[in-house]
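K.L.:
Encoded as structure tokens, here's the structure I'll be asking about.
The values are calculated or read from the model by the stated rules, or taken from the named source; none is laboratory data. Quantities reported herein were computed from a predicted structural model and do not represent experimental measurements. Neighbour counts run over all protein chains shown; Cβ positions are idealised from the backbone, glycine included. Accessible surface areas use protein heavy atoms only, side chains included; no ligands, DNA or RNA. Shrake-Rupley method; radii C 1.70, N 1.55, O 1.52, S 1.80 Å.
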Amino acid sequence: MLITVFTPTYNRGHLLPTLYESICRQTFKDFEWIVVDDGSTDSTQQVMEGFMEDEHPFPIRSIKTPNGGKHRAVNRGVKEAKGELFFIADSDDQLTDDALQVVAETYEGVRDNPIIGGVCGLDCQKDGTIIGSGLTQDYLDCSSLDIRFKYHVTGDLKEVFLTRVLKEIPMPEIEGERFSPEALTWNRIAAKYQLRFINRPIYIAEYQPDGLTSSIVRIRMQSPVASMLCYQEMTTYPIPPKEKIKAAINYWRFRLCAKKTSEKPKLRWYWNVFMPLGWLMHKRDK
């Protein structure tokens, strides 16, 4: 079974060697590494050329695209992928040495189950400390919505989807916007597929001061239609009412950033009551 390790990157040439070294240490060898350079202007191309000149047992493909955002880079990577599973490894993070081995062995146990769309492990820090609560059992088959709102698992998780699932449900590309929330696509997948969640760390997460996480509100304000779409759809899912209310407030929060000419996703009429709270949050953001 071939796994595609995929890295979208933008001006992170100085960080790529650490990720590359963790990929080279994998105990599982049947994988490829695809890197989509999202219009970098730094040393990324030279760094990738150096990697490809090295001797390693796995193929590397480096693809340069115009800067369009991580979601477009992911869609391009999915299109190019030859692997059955698609493991997104950001340029500032690392894989645990046995990450792909754990993923492959876990998937073999659910490969014939048509409602399983992939597997999901835990994120951890460099010292091995789990980020978030972890699971209360060794594994659990459920949707990514249920893992949060029914089983109350907290912290970042590392989803590894079937490539065909990401081809079936790609990240939306909205003209004029350079960001699409991963949750928008992961929730859409959750409406149709479950994942096998495992109580094992497979990913070492680093948070950069200039990364998406650190500036997420500003980024959402600059891509309001995708943000609104994410929150509008959350009001339709079987999640707790308080979470739907939060989503409705955030919908109005970012709707106020959208251009008057934008085609806006619409909430059901009864969510209009939360528009004043969204307006207050919008004013605070500005």
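K.L.:
Would the stretch 53-63 turn up any residue that is open to solvent by 10 Å² or more (accessible area, probe 1.4 Å) and in contact (Cβ under 8 Å) with a residue 60 or more places away in the chain?
P.N.:
No, the stretch 53-63 contains no residue that is open to solvent by 10 Å² or more (accessible area, probe 1.4 Å) and in contact (Cβ under 8 Å) with a residue 60 or more places away in the chain.
K.L.:
Now for a different question. Any residue that is assigned to a loop (DSSP other than H, G, I, E, B), free of Cβ contacts under 8 Å to residues at least 60 places away in the same chain and open to solvent by 20 Å² or more (accessible area, probe 1.4 Å) - is there at least one of those in the stretch 228-236?
P.N.:
First, pick out the residues of the stretch 228-236 that are assigned to a loop (DSSP other than H, G, I, E, B): 235-236.
Add one more test, that the residue is free of Cβ contacts under 8 Å to residues at least 60 places away in the same chain, and what stays is 235-236.
Next, from what is left, pick out any that are open to solvent by 20 Å² or more (accessible area, probe 1.4 Å): 236.
Looking through the stretch 228-236, at least one residue is assigned to a loop (DSSP other than H, G, I, E, B), free of Cβ contacts under 8 Å to residues at least 60 places away in the same chain and open to solvent by 20 Å² or more (accessible area, probe 1.4 Å).
K.L.:
Something else: So which of 200, 164 is touching a strand residue (DSSP E or B) at 6+ places or on another chain (Cβ under 6 Å) and farther than 16 Å from residue 70 by Cα? Walk me through how you get there before you give the answer.
P.N.:
Working: 164 fails: touching a strand residue (DSSP E or B) at 6+ places or on another chain (Cβ under 6 Å).
After ruling out the rest, the residue left standing is 200.
Residue by residue, here is whether (1) assigned to a helix (DSSP H, G or I); (2) buried (at least 20 other Cβ atoms within 10 Å of the Cβ); (3) touching a Phe, Trp or Tyr at 6+ places or on another chain (Cβ under 9 Å); (4) polar (S, T, N, Q) holds:
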residue	(1), (2), (3), (4)
188	yes, no, no, no
198	no, yes, yes, no
201	no, yes, no, no
238	no, no, yes, no
246	yes, no, yes, no
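K.L.:
When you check residue 42 against the structure, is it open to solvent by less than 50 Å² (accessible area, probe 1.4 Å) and assigned to a loop (DSSP other than H, G, I, E, B), yes or no? Let's see the steps before the verdict.
P.N.:
On the way: open to solvent by less than 50 Å² (accessible area, probe 1.4 Å): no; assigned to a loop (DSSP other than H, G, I, E, B): yes.
Judged against the criteria, residue 42 is not a match.
K.L.:
How many of the residues in the stretch 142-157 are without any contact (Cβ under 8 Å) to a residue 60 or more places away in the chain and either farther than 14 Å from residue 189 by Cβ or among the polar types (S, T, N, Q) (or both)?
P.N.:
Number of matching residues: 9.
K.L.:
Here is a further query. For the structure I just gave you, tell me whether residue 99 is within 19 Å of residue 36 (Cβ to Cβ) and open to solvent by less than 30 Å² (accessible area, probe 1.4 Å).
P.N.:
On the way: within 19 Å of residue 36 (Cβ to Cβ): no; open to solvent by less than 30 Å² (accessible area, probe 1.4 Å): yes.
The answer is no for residue 99.
K.L.:
Exactly one condition in (1) out of contact with any Phe, Trp or Tyr (no Cβ under 7 Å at 6 or more places or on another chain); (2) more than 23 Å from residue 247 (Cα to Cα); (3) part of a loop (DSSP other than H, G, I, E, B); (4) touching a residue at least 40 places away in the same chain (Cβ under 8 Å) is false for residue 178; which is it?
P.N.:
That leaves (2) as the condition not met.
K.L.:
Only residues that are out of contact with any helix residue (DSSP H, G or I) (no Cβ under 6 Å at 6 or more places or on another chain), assigned to a loop (DSSP other than H, G, I, E, B) and not basic (Lys, Arg): list them for the stretch 132-151, please.
P.N.:
132, 133, 134, 135, 136, 137, 138, 151
K.L.:
What do you reckon, is residue 27 in contact (Cβ under 8 Å) with a residue 24 or more places away in the chain, touching a helix residue (DSSP H, G or I) at 6+ places or on another chain (Cβ under 7 Å) and surrounded by fewer than 16 Cβ atoms within 10 Å (Cβ to Cβ)?
P.N.:
Yes.
K.L.:
Quick one: would you say residue 198 is within 15 Å of residue 90 (Cβ to Cβ), touching a residue at least 60 places away in the same chain (Cβ under 8 Å) and of a type outside the set (Phe, Trp, Tyr)?
P.N.:
Here the answer is no, as residue 198 does not meet what is asked.
K.L.:
Looking at residue 36, is it open to solvent by less than 30 Å² (accessible area, probe 1.4 Å) and either outside any helix (DSSP H, G or I) or on the phi > 0 side of the Ramachandran plot (or both)?
P.N.:
Taking the combined requirement at face value, the residue satisfies it.
K.L.:
Of the residues 77, 121, which is touching a residue at least 40 places away in the same chain (Cβ under 8 Å), touching a Pro at 6+ places or on another chain (Cβ under 8 Å), surrounded by 15 or more Cβ atoms within 10 Å (Cβ to Cβ) and in a helix (DSSP H, G or I)?
P.N.:
One residue alone meets the criteria, 77.
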